[in-house]
Amino acid sequence: MLSGSSVWGTLLILSCALKLSLTQDEHMNNALRLMSETPLIDGHNDLPWQLRMKFNNQLNKVDLYTLNNTHTNIPKIREGRLAAQFWAAYVPCDTQYKDAARQTLEQIDVIHRMCMKYPEAFMFATSSKDIVDAFSQNRTASLIGVEGGHSLDSSLGTLRTMYHLGVRYLTLTHSCNTPWADNWLVDSGAEPSQHNGLSEFGKQLIFEMNRIGMLIDLAHVSENVMNQVLDLSKAPVIFSHSSAYAVCPHKRNVPDDVLRKVQNKKGIVMVNFYNDYVTCSNTANLSQVADHFDHIKNVAGHSIIGFGGDYDGVGRVPGGLEDVSKYPALVAELLRRGWTDAEVKAALGDNLLRVFREVERVRDSLKGTAPDDLPIPYEEVKNDCRTSYGYPVPNPDSAGTILSLSPLALVLTLTLSSLLSWSL
């Protein structure tokens, strides 16, 4: 038989457990309420790359309702209340100087086809208004971000063409330098700087992105590029999938001084869930992701925070955030930590919508500006796989003329010498 003290102790434990459970339910209920009022917009998902690697983009062989070996499918999207997604049109760095542009176009195409195949689930979107409209229709707004400037093949014409195809952000680099911008590996010492940030053509590209209304994504770039773009751009910028460097000192994350500049620019940092960027180790949990949200809010305010899960682009995700169905748990954790409804709504989607609208406003203000058609200098992109059509043919200098005639002169001299010897 239990003593009186044992009974009271057991009752106390049960009471505390019940109270904790009710509190957790309350936070989750509030999270779901807020997500029904404000669209959750995620900055980066690599499902299109999974479609290439698993099915070679043959959507007829895929059922996104039953696909179970990815972080993302339609049931998980619905459970996670994912209202808008920037799908990554990504191709690896080893396509640079080869077939990067073609492969990127194929990734853009598969995103379009995904929306066409599942119109009840996805609505193709190219504007801030489209996101709001899709949310009202209970469909996931599907936007395109090109992940890596190597996909442009250093061409402003290609940038504009991709915009016409619906691309709405460009990540300036992936994990490789382009002929006009340095990537984050420069800061780690793994690669040399080629431009000390941006080249002159890189600066041209920033202004052209402002002119056409393309969001500038600074995930993956070097710190010099971050600072230069924040100084140059007329519009707010985004980090589509990066976290806080002070919490996890990985060079893919954003330092505090840059966070403050993003705040001044009225931009956004969309927090990445990849374990290596959350804890700088192989393991992480949901609470440690929330630590990044807290840190960014404390340093630069809640107005620059968003979600950038990087699902299906990474091999390790935190416990409690195993796939896209788990977003509500993270929202509930922020509420448990004392975030207000307004702060949560800002992070869910209001911040990104504000940034997007300002980028569109800057675009509209520049409508009278002619497209930039000055190409990158040929010597900056010359390689065995690139032709030079359209570039002026250089006139050979005197030294070049002498060198080019030297073999002919040598043959004539030897022939003459031989004839003279024979005549003698």
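The values are calculated or read from the model by the stated rules, or taken from the named source; none is laboratory data. Just so you know, these numbers come straight off a predicted model, no measurement behind them. Here the Cβ positions follow ideal geometry from the backbone for every residue, glycine too, while neighbour counts run over all protein chains shown. With ligands, DNA and RNA removed, areas are computed over all heavy atoms of the protein, side chains included. Shrake-Rupley method; radii C 1.70, N 1.55, O 1.52, S 1.80 Å.
Checking the structure you have, find out if any residue of the stretch 234-247 is touching a residue at least 40 places away in the same chain (Cβ under 8 Å), open to solvent by 10 Å² or more (accessible area, probe 1.4 Å) and closer than 30 Å to GLY320 by Cα. Yes, some residue in the stretch 234-247 is touching a residue at least 40 places away in the same chain (Cβ under 8 Å), open to solvent by 10 Å² or more (accessible area, probe 1.4 Å) and closer than 30 Å to GLY320 by Cα. Of all the residues in the stretch 168-184, those that are out of contact with any Gly (no Cβ under 7 Å at 6 or more places or on another chain), among the hydrophobic types (A, V, I, L, M, F, W, C) and open to solvent by less than 30 Å² (accessible area, probe 1.4 Å) number 1.
For GLN204, indicate whether it is open to solvent by 10 Å² or more (accessible area, probe 1.4 Å), more than 30 Å from GLN288 (Cα to Cα) and in contact with a strand residue (DSSP E or B) (Cβ under 9 Å, 6 or more places away or on another chain). Against the criterion (open to solvent by 10 Å² or more (accessible area, probe 1.4 Å), more than 30 Å from GLN288 (Cα to Cα) and in contact with a strand residue (DSSP E or B) (Cβ under 9 Å, 6 or more places away or on another chain)), GLN204 does not qualify. On the given criteria, is ALA141 outside any strand (DSSP E or B), open to solvent by less than 10 Å² (accessible area, probe 1.4 Å) and either modelled with pLDDT of 95 or more or not basic (Lys, Arg) (or both)? It is false that ALA141 is outside any strand (DSSP E or B), open to solvent by less than 10 Å² (accessible area, probe 1.4 Å) and either modelled with pLDDT of 95 or more or not basic (Lys, Arg) (or both). For the stretch 212-233, a residue qualifies if it is surrounded by fewer than 23 Cβ atoms within 10 Å (Cβ to Cβ), closer than 17 Å to ASP372 by Cα and of a type outside the set (Val, Ile, Thr), and the qualifying residues are GLY213, LEU232, SER233.
Would the stretch 1-12 turn up any residue that is at pLDDT below 95, open to solvent by 90 Å² or more (accessible area, probe 1.4 Å) and not in a helix (DSSP H, G or I)? Yes, some residue in the stretch 1-12 is at pLDDT below 95, open to solvent by 90 Å² or more (accessible area, probe 1.4 Å) and not in a helix (DSSP H, G or I).
Screening ARG168 with (1) basic (Lys, Arg); (2) under 18 Å from VAL91 (Cα atoms); (3) in a helix (DSSP H, G or I) gives one miss only, at (3). Taking the criterion of being open to solvent by less than 30 Å² (accessible area, probe 1.4 Å) and either without any contact (Cβ under 8 Å) to a residue 12 or more places away in the chain or among the hydrophobic types (A, V, I, L, M, F, W, C) (or both), the residues of the stretch 51-66 that qualify are LEU51, LEU59, VAL62, LEU64.
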